[in-house]
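What follows is a single structure, written as structure tokens, with notes after it.
The values are calculated or read from the model by the stated rules, or taken from the named source; none is laboratory data. All values derive from a computational prediction rather than experimental measurement. With ideal geometry, Cβ positions are generated from the backbone for all residues, glycine too; neighbour counts draw on all protein chains shown. Calculation scope for accessible area: heavy atoms of the full protein, side chains included, ligands and nucleic acids excluded. Shrake-Rupley method; radii C 1.70, N 1.55, O 1.52, S 1.80 Å.
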Amino acid sequence: MYKNKNDDGFNNLAFQYFEAIQEGTIVSKTDIDGNITYANEKFCEISGYTREELIGNSHNMVRHPEMSDEFFADMWDTIKNKKQPFWGTIKNQKKNGGYYWVKAMVKPILDENGNILEFISLRQDITKEKDFEEKIKRQYDFITYAFNKYVSQNLIEKIISENKLPTDFEKRNLTVMFVDMEDYTFLTDKFGTKKVVELSSLFFKYIVKYVQKYGGSVDKYIGDNVMCVRNGFEENEFHSQNACKAALEIIGNISEFKNEVKKILLDDVNIRIGISSGDCLVGNIGTDVKFDYTVIGGPVNLASRLEGANKRFGTNILIDYFCYENIKNSLQADFIGNIKIRGFHKKVDVYSL
């Protein structure tokens, strides 16, 4: 490929630079059609091919199937049409079917008239770095997936970006929704724990589908009760409307849930929902050993009480005054009355959806 260092006119210093490149870099040359005309020892070592197997063949012989056509189209446009060097990270395939990653620079070699004579490629092996990067990504994806079962995606991203757990409470105007399955205790006594666990799984799956459809987050499961929040852990501008829409679909499509229940139990089941809007505090509560990222405030307590009050009024969905004010121009709600709610000093205006 090059002159020997003992040849006349060959600069010894230049030869040392050349040796350094050869020893530390994967080097190859191709003709203008991409056929290999030179391959150094590093190329042979990492690819698993002998020099004889490489020379004369297309460089595509080491192309990995995961590399896109668009990537190489961009490369050829850069080096052949624009006659500029191309830089890129490339996954190649070894002779034995394995792979290796390289950081590559491909440069066109031009004659005195600017015509392309050949291409030279200098590449650094970055397989270890890429494998480590992939390992970290898999771990990140798993942690995100796992914790997403417990807290919202927005909270996970907040923790990762800030590299710390949230410690302060934030005041937010939000909507809390409690969803309960009637006669849960009775069903447990009648059918036993195993059957009721199956029922609970069906119930939670059914509820969460509609909660998430309208941008809500499940804060916690409390026995057969689901506490959901909108605009608490992630932005939801129309939180009252979306909570009510989710509640209406839960009740409106209840036959879907009941049909599944009948496969497990003979008894019919019913669902009650309480919704309250207002200012709450959102943040961590607990100790440094164990804590819960949750919502606390009047609307939480009121939503829970309204859920239970459905039994008293023969309704399925009850909402408070503040929720009503937010949805009155878009959804129909009937005034039940100004009623006394256990745990609250003042009477509360209650509406039925």
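For this structure, a couple of remarks:
- Candidates 256, 307, filtered to the one that is touching a residue at least 12 places away in the same chain (Cβ under 8 Å), among the acidic types (Asp, Glu), in a helix (DSSP H, G or I) and surrounded by 14 or more Cβ atoms within 10 Å (Cβ to Cβ): 307
- Every residue from the range 284-304 that is at negative phi and either among the polar types (S, T, N, Q) or surrounded by 16 or more Cβ atoms within 10 Å (Cβ to Cβ) (or both): 284, 287, 293, 294, 295, 298, 299, 300, 301, 302, 303, 304
- For the range 324-353, the set of residues classified as hydrophobic (A, V, I, L, M, F, W, C), more than 18 Å from residue 272 (Cα to Cα) and either within 40 Å of the chain's Cα centre (by Cα) or open to solvent by 80 Å² or more (accessible area, probe 1.4 Å) (or both) consists of 327, 331, listed by residue number.
- Identity of the residue in the range 92-106, in contact with a helix residue (DSSP H, G or I) (Cβ under 7 Å, 6 or more places away or on another chain) and within 17 Å of residue 27 (Cα to Cα), that ends up surrounded by the fewest Cβ atoms within 10 Å (Cβ to Cβ): 94
- Residue, surrounded by the most Cβ atoms within 10 Å (Cβ to Cβ), within the range 33-59, restricted to residues that are of a type in the set (S, T, N, Q) and in contact with a helix residue (DSSP H, G or I) (Cβ under 7 Å, 6 or more places away or on another chain): 47
- Unmet criterion (only one of (1) within 20 Å of residue 202 (Cα to Cα); (2) modelled with pLDDT of 95 or more) for residue 261: (2)
- Selection within the range 70-91 - open to solvent by 50 Å² or more (accessible area, probe 1.4 Å), within 19 Å of residue 101 (Cβ to Cβ) and of a type in the set (D, E, K, R): 70, 74
- Residue in the range 269-281 that is outside any helix (DSSP H, G or I), exposed (fewer than 14 other Cβ atoms within 10 Å of the Cβ), within 32 Å of the chain's Cα centre (by Cα) and in contact (Cβ under 8 Å) with a residue 60 or more places away in the chain present: yes
- Consider the range 60-69 and keep the residues that are among the charged types (D, E, K, R) and either open to solvent by 80 Å² or more (accessible area, probe 1.4 Å) or touching a Gly at 6+ places or on another chain (Cβ under 9 Å) (or both). The one that is farthest from residue 103 (Cα to Cα) is 69.
- Complete set of residues in the range 310-353 that are assigned to a strand (DSSP E or B), of a type in the set (Asp, Glu) and closer than 13 Å to residue 175 by Cβ: 320
- Unique residue being in contact with a Ser or Thr (Cβ under 9 Å, 6 or more places away or on another chain), closer than 18 Å to residue 324 by Cβ and among the aliphatic types (A, V, I, L, M) when the list is 248, 306: 306
- Test: residue in the range 174-182 that is polar (S, T, N, Q), in a helix (DSSP H, G or I) and either modelled with pLDDT of 85 or more or open to solvent by 90 Å² or more (accessible area, probe 1.4 Å) (or both): no
- Selection within the range 198-246 - among the small types (Gly, Ala, Ser), touching a strand residue (DSSP E or B) at 6+ places or on another chain (Cβ under 7 Å) and not in a helix (DSSP H, G or I): 215, 216, 217, 232
- Of residues in the range 1-32 being under 22 Å from residue 127 (Cα atoms) and open to solvent by 50 Å² or more (accessible area, probe 1.4 Å), the one modelled with the highest pLDDT: 23
- Qualifying residue in the range 220-238 (condition: under 20 Å from residue 316 (Cα atoms), open to solvent by 30 Å² or more (accessible area, probe 1.4 Å) and at pLDDT 85 or above): no
- Any hit, the range 111-125, residues being open to solvent by less than 60 Å² (accessible area, probe 1.4 Å), modelled with pLDDT of 95 or more, among the β-branched types (Val, Ile, Thr) and touching a Ser or Thr at 6+ places or on another chain (Cβ under 8 Å): yes
- Selection within the range 47-83 - within 18 Å of residue 26 (Cα to Cα) and in a loop (DSSP other than H, G, I, E, B): 48, 49, 50, 55, 56, 57, 64
- Within the range 127-136, considering residues that are open to solvent by 30 Å² or more (accessible area, probe 1.4 Å) and not basic (Lys, Arg), the one farthest from residue 63 (Cα to Cα): 136
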